[in-house]
1. Mind checking which residues of region 63-74 are exposed (fewer than 15 other Cβ atoms within 10 Å of the Cβ) and closer than 13 Å to Ala225 by Cβ?
2. Are there any pairs with C-beta distances below 9 angstrom linking a residue in region 44-62 that is without any contact (Cβ under 8 Å) to a residue 24 or more places away in the chain to a residue that is assigned to a strand (DSSP E or B), with the two at least 6 apart or on different chains, and if so which?
3. Tell me yes or no: at least one residue of region 262-276 is more than 15 Å from the chain's Cα centre (by Cα), surrounded by fewer than 18 Cβ atoms within 10 Å (Cβ to Cβ), modelled with pLDDT under 95 and in a helix (DSSP H, G or I).
4. Of everything in region 231-248, what is under 12 Å from the mean Cα position of the chain (by Cα) and surrounded by 23 or more Cβ atoms within 10 Å (Cβ to Cβ)? Give them in sequence order.
5. If Phe135 passes every condition in (1) modelled with pLDDT of 90 or more; (2) in contact with a Gly (Cβ under 9 Å, 6 or more places away or on another chain); (3) aromatic (Phe, Trp, Tyr) but one, which one does it miss?
6. Is it the case that some residue within region 9-22 is surrounded by fewer than 16 Cβ atoms within 10 Å (Cβ to Cβ) and charged (D, E, K, R)?
7. So, of the residues in region 154-163 that are in contact with a strand residue (DSSP E or B) (Cβ under 7 Å, 6 or more places away or on another chain) and in a loop (DSSP other than H, G, I, E, B), which turns out to be modelled with the highest pLDDT?
8. Of everything in region 121-155, what is closer than 19 Å to Asn278 by Cα and β-branched (Val, Ile, Thr)? Give them in sequence order.
Amino acid sequence: MRRQVNLRQVEAFKAVIERGTVSAAADALFVSQPAVSKLLANLEDDCDLKLFERVRGKLAPTRHGMRLYAEIDRVFSGLRQVEHAIASIHRDDQKQLTVGVLQALSGSFINRVVKSFLRIHPDVMITIHTRDSPFLAEWLSTQQIDVGLISSIVDNPYIERDTLIEHPLICVLPPGHHLCSKPVIDISDLNEEDFITFPESTLTRQRVDALFEQNAVRPRIVMQASTAPTICEAVAAGIGVSLVHPLFTDGVKERLVLRRFTPSTPFSFQLCRNRSSNNVQLVDDFLREAKRVSDETSKELMMGS
C-alpha cells in the first residue's frame with residue numbers, strides 16, 4: 001500500500017527543480033544533501049514514478065517529473081497569494097511594494113536594487129516573486145505586482161516599460177571543451193555541437209533559433225530547460241554549450257568558460273510597471289534605483305567583455 005506523499009517531500013522536489021542541484025536545494029531548505037536525496041527517493045517510491053534521471057552525475061527531471069512540478073507550482077502559487085493576502089491584512093499600516101523578477105535577475109542584481117531602495121524608504125516592506133516572464137506580465141496587468149523585471153516584450157497599452165542591461169549574448173562552455181581555445185566563438189563553430197537551450201516559448205530561444213536559421217547552422221539540441229541556473233549547471237557538467245546573457249551566469253561563472261560570440265546578438269531585460277499602480281511614488285523610486293543599478297551593471301559587464 002502506497003504511503004501518502006508529505007509536504008516535506010514536495011518541498012524538496014520543488015527546490016531541486018528550481019535550484020538545479022541537490023546541494024542548492026539542501027541550502028535553501030536548511031538540511032543536508034543526504035536528507036534531500038532521501039526525501040526525493042521516498043517521493044518516487046510513494047508516487048511510483050521516476051521523477052529524475054542521473055546525467056553525468058547531475059539530476060535531470062524526467063517528463064513525469066516536469067509534469068508533476070507544473071501541478072505543484074500551481075498549488076504553491078495559490079498558497080503564496082493567500083499568504084500575501086494574510087500578510088497584507090496584518091501589515092495594513094506598513095507601506096509595501098511587490099516586485100516580480102526573472103530567476104536570472106533574482107540574485108545579486110535585485111539585491112543591489114532593493115538595498116539601494118531601502119536606504120531611501122527604510123519603512124517599506126518589499127515582497128519579491130520569482131517567476132517566468134509570461135506569469136510576471138500577467139500579474140503586472142492584473143496589478144498583483146507593482147514592478148516586473150522580465151525578458152519578453154509586453155504588448156499592453158496599460159504597461160510602461162524601459163530597457164535594462166542590454167548586452168550581447170555570450171557563449172558558455174564547459175572547462176576543457178575543444179572550443180575553449182578560441183577567444184571568440186563564431187556561430188559556425190556551433191554547427192553540430194551539443195547545445196543546451198531554453199524552451200521554444202522564450203524570447204531567448206526564439207532569437208537564437210532565428211540566428212541559427214539565418215546562418216544555416218544546426219547544432220544538436222541535447223537539452224532544454226526553463227531556468228538559467230539549470231542551463232548553466234548543465235553546461236558546467238559538460239552536457240553541452242549554450243548562448244546566454246552574461247547575467248544568467250551569476251553564481252556559476254567560476255565553473256564555466258565564457259567567450260564573446262559573433263555575430264553580436266544584443267539581449268536586454270524589460271523594467272515594467274502598470275500605469276494605474278497605486279504605489280506611484282514607491283514605484284517611481286524603485287524604478288529609478290533599478291535603472292541606476294542597471295547602468296552600473298552594464299558598465300561592469302562591458303569591462304568584463
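The values are calculated or read from the model by the stated rules, or taken from the named source; none is laboratory data. No experiment lies behind these values; they were computed from the predicted model shown. Note: ideal-geometry Cβ built from the backbone for every residue, glycine included; neighbour counts use all protein chains shown.
1. Passing the criteria: only Met66.
2. So the pair list comes out as Glu44/Phe52; Glu53/Leu59; Glu53/Ala60; Glu53/Pro61; Arg54/Ala60; Thr62/Phe52; Thr62/Glu53.
3. No, every residue in region 262-276 fails to be more than 15 Å from the chain's Cα centre (by Cα), surrounded by fewer than 18 Cβ atoms within 10 Å (Cβ to Cβ), modelled with pLDDT under 95 and in a helix (DSSP H, G or I).
4. Of all residues in region 231-248, those under 12 Å from the mean Cα position of the chain (by Cα) come to 231-232, 244-245, 247-248.
Result: Ile231, Cys232, Val244, His245, Phe248.
5. It is condition (1) that Phe135 fails.
6. Quick first cut of region 9-22, residues surrounded by fewer than 16 Cβ atoms within 10 Å (Cβ to Cβ) only: none.
No.
7. Taking region 154-163 and keeping what is in contact with a strand residue (DSSP E or B) (Cβ under 7 Å, 6 or more places away or on another chain), we get 154, 158-163.
Okay, now just the ones that are also in a loop (DSSP other than H, G, I, E, B), so 154, 158.
Details: Val154: 66, Tyr158: 77.
Result: Tyr158.
8. Residues satisfying the conditions are Val124, Ile126, Thr127, Ile128, Thr142, Ile145, Val147.
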